[in-house]
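Structure record follows, encoded as structure tokens.
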Amino acid sequence: MNLTKRALMTGAAMALGLAASGAPVLAESHSEKTKVGFVYVGPVGDGGWTYEHDQGRKAVEEHFGDAVETVYVENVPEGPDAERVMVQMARDGADLIFTTSFGYMDPTINVASKFPDVKFEHATGYKTADNVSVYSARFYEGRAVQGHIAGSMTESNIIGYIGSYPIPEVIRGINSAYIHAKKVNPDVEFKIVWAFTWFDPAKEADAAKVLIEQGADVILQHTDSTAPLAAAQEAGGIIGFGQASDMSEYAPSPRVSSIIDNWAPYYIARTQAVMDGTWESSNTWDGIGPGMVGIGEITDAVPEDVKTEALALKDSIASGEYHPFTGPLKKQDGSDWLAEGETADDGTLAGMNFFVEGLEGEIPQ
Amino acid sequence: MDLSAINPVLLIASLMVAATAVMIAAIGELIVERAGVLNLGVEGMMITGAICGFAAAVQTGSPTIGFVAAALGGAALSLLFAFLTQFALANQVASGLALTLFGLGLSALLGQGYQGIKPPSTPRIDIPVLSDLPWVGRILFGHDLMVYFGLALVAAVWAFLKYTRAGLVLRAVGENHDAAHALGYKVIRIRVMAIAFGGACAGLGGAYISLIRVPQWTEGMTAGIGWIALALVVFASWKPWRVLLGAYLFGGVTVLQLNLQAAGIAIPVEYLSMSPYIITIVVLVIMSADKSRAPASLGRIFHATH
Amino acid sequence: MIRLEKRREPSQVFAYLTPVLAVLVTMIAGGLMFAALGKDPFVAIKTIFYDPLFGQYASFDRPQLLVKGGPLVLIAIGLSLGFRAGIWNIGAEGQYILGAIFGAGVALAFYPLDAWFIFPLMILAGAFGGFLWAMIPGILKVKFGTNEILVSLMLVYVAEQLLASMSLGLMKNPEGFGFPGSRNLQQYPSAHNAEIIANSGMHWGVAAALIAVIFAYVLLARHQLGYHIRLTGEAPRAAKFAGVSPGRLILVCLGFSGAFAGLAGMFEVSGPAGQVTIDFNTGYGFTAIIVAFLGRLHPVGILLAGLLMALTYIGGEVAQSSLGLPSAAIQMFQGMLLFFLLAMDVLTGYRIRFGQGETA
């Protein structure tokens, strides 16, 4: 399919006589500098997902100085617009293009087939090609540390969780946090609210308030704004965590720690690989160990012993000694999932669509 | 499932907060529409107010100055609309939409460098005895000042339209601008003032979101609330107290659906999320039995022929 | 003092001249803004307006104008019929979503059957989906007198939730590893809205938009229904005497605009976008309202306005990546373009007089 499309494309361009300039229409111009492009789904000022990717881009610029030029386009809707932006970048001479939203998956594959010499990196997807890598972060590792702190510190034994959409990524986080909260506190209960939006600070604030009113004294969030932390601060006596970025302006309390998306090391390594000519298509799913997931400073609001345990948990995950999904674990319906000592395979984790035993409520379908 | 987890007192208290921003913006738009002008740019003016207020509050450390700046910012942007529609006689629907587009871009440019900053906090009034009263204490006396400001504004607008001469003139202009002109009223001047008032209110509503409800600045943070404000005015059939009712109803349904979710009620979430909009439509149908109608000159272009 | 004096007849010269003037003034004002942001204004303007049309890569960008402009024109044409009659459907975004859901629903129901009738059936379903969604405000208005602006707008939010629900539930790709989103219809030949001529950007949706332009032109100029629409908009009372049934007209106008928006959604989901996803809708329904007014509610004007709007999007993206302009600056630039067009429109209907005189 893609092959025929590509052949047709060159054919049509010639037929229309548009290749008259002599240069092949779709050839990339090459300059000395390595050019790295970034396609963002939100504005760089969203303070969350896109913001962190842009921090990664800036780190690349800083690391390589004049050897690298970076370009980006923000607010690119998924679908045909994304495809067009990628083509524009590739023909303008980009050597490496990071496409940073799940919905860019098919557009990335389509464009990559037309530009075999350009390397593509698609975040959070699963389709690869010779010149397309995928990369994602194991946020659930951070969730385990979060769950541990949350379970240890809750006094009402109710933990509120604000989810965006019921997708594997979010469900994985809920499960991981729940397992580790339950370990230190068998009485713990999770109240889950789905916001059904990626971004609506006012709604996130409302959701946090509702959870607090219903007795939660720890708020976990899988949405990117600081609204829930502000609500926690206003209510008083509530703790929460930074999400995506450190949100240290709410430290030491209510923000007692955070999960940080740190794309910089990966972006720098992949850019280096392109410069060295050693880039290969790969499937990267990194966690705390390689530094793609960062745990922000645990503040003094957390008791010393809990902090020590949390850091120990973090280290054992980082070293690979411990996997957050280690059996025995059952699914919500009571059926067996993992036997004693067994760890979850990446395939199951990637497409996780069930709650573990003990969580209440259904995943919306 | 645990319905007892829902505390009605807290529910009412938080719906009052959830309703404030949209209410302030809607009451401003109500004045604009009563003057016979339809400004669809509320979202753009709100987001501009949100960043103007946020930036001013951060720079000066005073939320009060922030709110003043937000009102000025919203009003300034609305004057652009006033120029287009009142002097250049442009179509109001298109001008309003253009204003929203422009405002979203402008606010994003102004907001560069304000991400991840915490604004100065606005104190919440706390009257020692009253706030501790059972039930009513939390509902009536436990909010930030802007909640009361919003209520006062609704009352003021109601009194203005009903009892003052200026209110009468404003309504006359909205009902029949040619007749009002013939009577010697300055139609354009009155409308420009109404538009600026609407802009200021939208700006205040936006700043309520960026300074109190969410406290932070992110691009596009009003996330469609301006459109809801427009809907509220129609919902209220251009009557101030019904704006209040509508805002509380809308805020109430939103907060209630989150409450039901947290309580683990097994209703599909996406249908719960739709419910505020569907209920608005249903209520609208019920209220349509009331034959009050839009200002007769709404959206029509006025040009003095002599 | 400056004073406006109404022309007896709208000026033909200015009707054609004002859009050109507006674009020129926008270039100047936008150039100043770009300069203030530290970019070379001339390069920026050239990148936005000239390069996509005649630059080095125009062979790719020109077809993209059709891809981007097609749905805008198709929706705007439908809306313009209602707008002319004073019927305000601002919920085209919701009707667009429903069209996509219905169209994709048919395709997914038949998957993986290979049959010729699937695509035509999808077209019907898409139009029907949009039609149905527009009939809600229509019938409520006719039966109860509820305001169609509000109802159609509310239904956009309802449609968005429905879309999320479909992407996460009913239409989720069973081979998608649990990720949200339907199967990609580009990989299902019987349902794929492929380009009619490869790399021309010309898919069936663009063809439908062009047909809609002609249809609307003929309807308004020659058909009795078109006459009724124009009459109702210009002189509602006269229309009543002429025997126009307001209720029927409301249903017809909303029905057309809904069906057109639904078609646009269906062609988009089966072609350029490929799949039903949570974020499938990207604001075409709202942008089309602007396009309708830019084109002065005239079919040919809408066609040109849709292409102009598409040009600023495409040029704007190029300017972002090649010049580092923030997308906010592009948004403001589009806003300015609209402002100037609207502001200059006054010259068509009015003469400007300088000197003493009474002002309103």
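In table form, for the structure just shown:
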| item | result |
| --- | --- |
| Where a residue in segment C:157-185 is under 16 Å from C:Glu268 (Cα atoms) and facing another protein chain (nearest Cβ under 8 Å) and its partner, wherever it lies, is crowded, with 22+ Cβ neighbours inside 10 Å and of a type in the set (A, V, I, L, M), with Cβ under 7 Å and at least six apart | C:Gly181/C:Val276 |
| Subset of segment A:106-117 (residues that are surrounded by 24 or more Cβ atoms within 10 Å (Cβ to Cβ) and either of a type in the set (Asp, Glu) or over 15 Å from A:Asp81 (Cβ atoms) (or both)) | A:Ala112 |
| Residue match in segment A:322-332 (condition: without any contact (Cβ under 8 Å) to a residue 24 or more places away in the chain and within 14 Å of chain C (Cβ to nearest Cβ)) | no |
| Members of segment C:236-289 found to be of a type in the set (A, V, I, L, M, F, W, C) and part of a loop (DSSP other than H, G, I, E, B), listed by number | C:Ala242, C:Val244, C:Ala273, C:Val276, C:Ile278, C:Phe280 |
| Those residues of segment A:51-64 which are modelled with pLDDT of 90 or more and under 15 Å from A:Asn75 (Cβ atoms), in sequence order | A:His53, A:Asp54 |
| Enumerated helices (runs of 4 or more DSSP H) restricted to segment C:17-123, each holding at least 3 residues that are among the hydrophobic types (A, V, I, L, M, F, W, C), under 22 Å from C:Gly335 (Cα atoms) and touching an Asp or Glu at 6+ places or on another chain (Cβ under 8 Å) | none |
| Some residue of segment C:161-170 being surrounded by 20 or more Cβ atoms within 10 Å (Cβ to Cβ), of a type in the set (Ser, Thr, Tyr) and farther than 30 Å from B:Leu272 by Cβ | no |
| Among residues of segment A:82-105, those that are buried (at least 23 other Cβ atoms within 10 Å of the Cβ) and at the interface with chain C (Cβ under 7 Å from one of its Cβ atoms), counted | 5 |
| Count - residues of segment B:253-284 that are away from chain C (no Cβ under 11 Å), free of Cβ contacts under 8 Å to residues at least 24 places away in the same chain and either among the small types (Gly, Ala, Ser) or in contact with a strand residue (DSSP E or B) (Cβ under 7 Å, 6 or more places away or on another chain) (or both) | 2 |
| Segment A:247-295, residues that are farther than 20 Å from A:Lys35 by Cβ, aliphatic (A, V, I, L, M) and touching a helix residue (DSSP H, G or I) at 6+ places or on another chain (Cβ under 9 Å) | A:Met247, A:Val256, A:Ile259, A:Ile260, A:Ile288, A:Met292, A:Val293, A:Ile295 |
| Total residues in segment B:198-252, condition closer than 20 Å to B:Ile12 by Cβ and at the interface with chain A (Cβ under 8 Å from one of its Cβ atoms) | 1 |
| Filter result for C:Ala109 (away from chain B (no Cβ under 14 Å), out of contact with any Leu (no Cβ under 9 Å at 6 or more places or on another chain) and at pLDDT 95 or above) | no |
| Any hit, segment C:345-359, residues being more than 12 Å from chain B (Cβ to nearest Cβ), touching a helix residue (DSSP H, G or I) at 6+ places or on another chain (Cβ under 9 Å) and assigned to a helix (DSSP H, G or I) | no |
| Qualifying residue in segment C:314-323 (condition: over 27 Å from C:Ala221 (Cα atoms), charged (D, E, K, R), more than 14 Å from chain B (Cβ to nearest Cβ) and in contact with a Gly (Cβ under 9 Å, 6 or more places away or on another chain)) | no |
| Meets criteria (under 11 Å from the mean Cα position of the chain (by Cα) and either surrounded by fewer than 24 Cβ atoms within 10 Å (Cβ to Cβ) or touching a residue at least 12 places away in the same chain (Cβ under 8 Å) (or both)) for C:Ala259 | no |
| Filtered residue count, segment B:58-96, keeping only those that are surrounded by 22 or more Cβ atoms within 10 Å (Cβ to Cβ), of a type in the set (A, V, I, L, M) and within 14 Å of B:Gly199 (Cα to Cα) | 7 |
| Top-ranked residue of segment A:333-357 - restricted to ones that are small (Gly, Ala, Ser) and either without any contact (Cβ under 8 Å) to a residue 60 or more places away in the chain or touching a helix residue (DSSP H, G or I) at 6+ places or on another chain (Cβ under 6 Å) (or both), ranked as farthest from the other protein chains (Cβ to nearest Cβ) | A:Gly341 |
| Tally, over segment C:127-154, of residues that are more than 7 Å from chain B (Cβ to nearest Cβ) and touching a residue at least 12 places away in the same chain (Cβ under 8 Å) | 17 |
| Residue match in segment C:225-235 (condition: among the acidic types (Asp, Glu), surrounded by fewer than 21 Cβ atoms within 10 Å (Cβ to Cβ) and within 14 Å of another protein chain (Cβ to nearest Cβ)) | yes |
| Some residue of segment C:5-26 being under 21 Å from the mean Cα position of the chain (by Cα), buried (at least 23 other Cβ atoms within 10 Å of the Cβ) and among the β-branched types (Val, Ile, Thr) | no |
| Residue match in segment C:45-53 (condition: closer than 26 Å to C:Arg296 by Cα, buried (at least 19 other Cβ atoms within 10 Å of the Cβ), of a type in the set (D, E, K, R) and touching a Gly at 6+ places or on another chain (Cβ under 9 Å)) | no |
| Members of segment C:189-208 found to be away from chain A (no Cβ under 11 Å), buried (at least 19 other Cβ atoms within 10 Å of the Cβ) and in a loop (DSSP other than H, G, I, E, B), listed by number | C:Ala191, C:Asn193 |
| Of residues in segment A:187-203 being more than 8 Å from chain B (Cβ to nearest Cβ) and at pLDDT 90 or above, the one surrounded by the fewest Cβ atoms within 10 Å (Cβ to Cβ) | A:Asp187 |
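Rundown of residues vs (1) away from chain C (no Cβ under 12 Å); (2) at pLDDT 95 or above, yes/no style:
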| residue | (1), (2) |
| --- | --- |
| A:Phe120 | yes, yes |
| A:Ala123 | yes, no |
| A:Phe139 | yes, no |
| A:Ile167 | no, no |
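The values are calculated or read from the model by the stated rules, or taken from the named source; none is laboratory data. Keep in mind it's a predicted model, so treat the numbers as computed, not measured. Every residue, glycine as well, gets a Cβ built from its backbone with ideal geometry; the counts of neighbours run over all protein chains shown.
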